[in-house]
Amino acid sequence: MTDSILSIQAALKAGKLIPYLGADLHAGADTPIPLTPTDLAGRLAAKSSVPFKVRSNMTAAAQYIENFKHRKTLVAILKEVFAPPVEPTPAHRFFAAQANLPLLVDTWYDAAAQQAFAERSDWGQVQGVSRAEHRDIWVKYYRADASECAEAECAAWRTLIYRPIGSIFPAANFIVSDSDFVEVLTEIDIQSPIPPRVQALRKDKQFLFLGCRFRNQLERSYARQVMKRSSDGPHWAVLDGELSKNELRFLEEQGIIRLDIPVAALLGELAKDLPLAA
């Protein structure tokens, strides 16, 4: 365990670590938004009638609303669900304070990561967008002030925040329905939906997964493809509780070392002797 923490700290100090954050970081907090696909499916079903058999399936519930109530109705519901502000977690604030963090990946729809970086101006974000709304593009880029910009600008940012399935802020981009994910997953093996800058920044880097699980094929596929052509490892994931056979197999396949410690304890150790952003 100590060796892993020292290795993570060294990678972070050298700008070789990519945090990959999930909604479980908010677990236990009084958070007004849904934090799991199942919870989001329930919110969608509460806002618009969907068949009973898909009420616990986020992508299917979203697809039903999109098909029978229109995409605009689905987006309007998602805007309402994710409108309440979410306080950044200590992990978000910790990484926002780092002086040498080229890339951070955040995999839920809230805006906690962007909020944590709000006092800095040397960052920007790239978000996955739905092909149902933006037929010919996979992503959109935004400056720290939330204005949209061209891809070329992101090369100058100290930190790029990558939101692969979108985010409520600043433009309510959501990859959420069956058809959204089919579009992405059809192409993701050849990396078309992964932004070129992300592909460049991940080279020779190591990943640290916090607040993530790998319970279903969708979660595993995204993690696998975002990690593709990065360092051979090791990578790390903070995971507590019992893991499924599929999760254990995924960790082994991807060279991910499991750390069964609280996130707060890990951050406390990493914070020792690290330069912070000016």
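Read-outs throughout are calculated quantities, based only on the coordinates presented, and are distinct from any laboratory measurement. Keep in mind that this is a model prediction, so the values were computed, not measured. Positions of Cβ are backbone-derived with ideal geometry, glycine not excepted, and every protein chain shown enters the neighbour counts.
Report, in debye and to the nearest 20, how large the dipole of the stretch 37-82 comes out about its Cα centre when Lys and Arg carry +1 and Asp and Glu carry -1 on their Cβ. Don't jump to the answer; show the numbers that get you there.
Working: 8 positive and 3 negative charges, 23 e Å.
Using Cβ point charges on Lys, Arg, Asp and Glu, the stretch 37-82 gives about 100 debye.
Sorted largest first, the spans of the alpha carbon positions of the stretch 37-82 along the three principal axes are 23, 22, 14 Å.
What's the extension gain from Arg135 to Leu6 if we count 0.36 nm per residue and subtract their Cα-Cα distance? Please list the in-between numbers first.
Numbers: separation 129, 0.36 × 129 = 46.44 nm, distance 4.49 nm.
Additional length available on full extension: 42.0 nm.
For the chain, the spread of Cα positions along the three principal axes, ordered from largest to smallest, is 54, 43, 39 Å. Dimensions of the stretch 138-278 from C-alpha coordinates, computed as largest minus smallest value along each principal axis and given longest first, are 42, 41, 27 Å. Summing Lys and Arg as +1 and Asp and Glu as -1 over all other residues whose Cβ lies under 14 Å from the Cβ of Lys140 gives a net charge of 0. Name the longest site-free stretch of the chain, where the excluded sites are GluC sites (Glu not before Pro) in a DSSP loop with no more than 10 other beta-carbon atoms within 10 Å. For GluC sites (Glu not before Pro) (loop position, at most 10 other Cβ atoms within 10 Å), the longest site-free span of the chain is 120-241.
What is the calculated FRET efficiency for Gln199 to Arg120, with r their C-beta to C-beta distance and R₀ = 25 Å, to the nearest 0.05?
On the way: r = 24 Å, r/R0 = 0.96.
It comes out at approximately 0.55.
Pairs of Lys residues in the chain, spaced 8 or more positions apart or belonging to different chains, with C-alpha separations under 12 angstrom: 7 in total. How would you classify the stretch 135-199 from its alpha-carbon gyration tensor, with a ≥ b ≥ c the square roots of the eigenvalues: rounded for a/c under 1.5, else prolate if a/b is greater than b/c, otherwise oblate? Oblate shape, in that a/c is at least 1.5 and b/c is the bigger or equal ratio.
For the stretch 117-245, the residue among Leu208, Val226, Thr186 whose Cα projects farthest onto the positive side of the dipole built from Cβ charges is Leu208. Of Ile188, Ile165, Ile261, the residue with the greatest mean-square motion in the GNM of the chain, using alpha carbon springs below 10 Å, is Ile261. From largest to smallest, the equivalent ellipsoid semi-axes obtained for the stretch 200-261 from the alpha-carbon gyration tensor read 19, 13, 10 Å.
Quick check: net charge around Asp204, other residues with Cβ under 10 Å of its Cβ, Lys/Arg +1 and Asp/Glu -1? Numbers along the way, then the final one.
On the way: positive: Lys16, Arg202, Lys203, Lys205, Arg229; negative: Asp232.
Counting the neighbours of Asp204, the net charge comes to +4.
The simple spin-label model puts a point 7 Å past each Cα toward its Cβ; for Asp30 and Asp145 those points are separated by 3.6 nm. How much of the calculated P(r) for the stretch 1-112 lies past 24 Å, in percent of all Cα pairs? So the portion of pairs separated by more than 24 Å is 41 percent.
Where does each of Asp30, Asp24, Asp180, Asp39 land when they are ranked from fewest to most other beta-carbon atoms within 10 angstrom?
On the way: Asp30 6, Asp24 19, Asp180 25, Asp39 15.
Least crowded to most crowded, the residues run Asp30, Asp39, Asp24, Asp180.
This model, with +1 at the C-beta of Lys and Arg and -1 at the C-beta of Asp and Glu, gives the stretch 164-278 a dipole about its Cα centre of some 260 debye.
At 1.567 mPa s and 4 °C, plugging the Kirkwood radius over alpha-carbon pairs of the stretch 230-271 into Stokes-Einstein gives what diffusion coefficient in µm²/s? For these conditions, the coefficient is 115 µm²/s.
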